[in-house]
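First up is the structure itself, then whatever we jot down about it.
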């Protein structure tokens, strides 16, 4: 039997935490690893209980969600972080992704869509609310010359970036040194004309079909198509 997805819930409102706990506990394949109402408590539980996915609010007392994301990354936390926030500005979503989040959803998301989102993030997808995805995709795609300038290996690295993987994870997946991956990432960013790996991932989403065809032609994944970022619908 497959192991349940262990989820840590981080929100400063007890009612929200309770609602999320109830939602997850009635689903098959989920286990609530704990609840935290602030950043330090979230970091302690992340270290002590090893969740698979962290549901993280950006508005937290004292240490906000962006700071928590940065600290999780600095500590090498393996959990995938899905931001669930009421902050609907695209800039907030971009900051969360650049800080290491694997996805951003808004708190008016449909409950069933949220459950699917947790599964998708756990499976390695980058996931964005439609309102966040549109502006970020448009921003990331301005002036992009396309994928033709990338070498086969760089296309493979870009596909892994679109999965939300770190340099260390990409190195392990491709069987190369982490230093080599860093070099490829720098080259990908330069050739695509983007500033960071988040924008590169969004370009990969925008040009997903082209990237898949390029990866398949190069034979770098034996014809398998890498999972690209998803957009998760919601109701108002």
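The values are calculated or read from the model by the stated rules, or taken from the named source; none is laboratory data. Everything numeric here is computed off the predicted structure, so don't read it as measured data. Don't worry about glycine lacking a Cβ; one is built from the backbone with ideal geometry, like all the others, and counts go over all protein chains shown.
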The one condition in (1) buried (at least 20 other Cβ atoms within 10 Å of the Cβ); (2) at pLDDT 75 or above; (3) in contact with a strand residue (DSSP E or B) (Cβ under 9 Å, 6 or more places away or on another chain); (4) part of a helix (DSSP H, G or I) that residue 136 fails to fulfil: (2)
Test: residue in segment 144-161 that is surrounded by 14 or more Cβ atoms within 10 Å (Cβ to Cβ), under 17 Å from residue 81 (Cβ atoms) and either modelled with pLDDT of 85 or more or in contact with a helix residue (DSSP H, G or I) (Cβ under 6 Å, 6 or more places away or on another chain) (or both): yes
Residue 14 vs. criteria surrounded by fewer than 19 Cβ atoms within 10 Å (Cβ to Cβ) and touching a strand residue (DSSP E or B) at 6+ places or on another chain (Cβ under 9 Å): yes
Given (1) surrounded by 14 or more Cβ atoms within 10 Å (Cβ to Cβ); (2) out of contact with any helix residue (DSSP H, G or I) (no Cβ under 7 Å at 6 or more places or on another chain); (3) closer than 18 Å to residue 114 by Cβ, index of the condition residue 25 fails: (1)
Members of segment 47-60 that are under 20 Å from residue 21 (Cβ atoms) and over 18 Å from the mean Cα position of the chain (by Cα): 48, 49, 59, 60
Qualifying residues in segment 97-132 (those that are touching a residue at least 60 places away in the same chain (Cβ under 8 Å) and in a strand (DSSP E or B)) - the one surrounded by the most Cβ atoms within 10 Å (Cβ to Cβ): 103
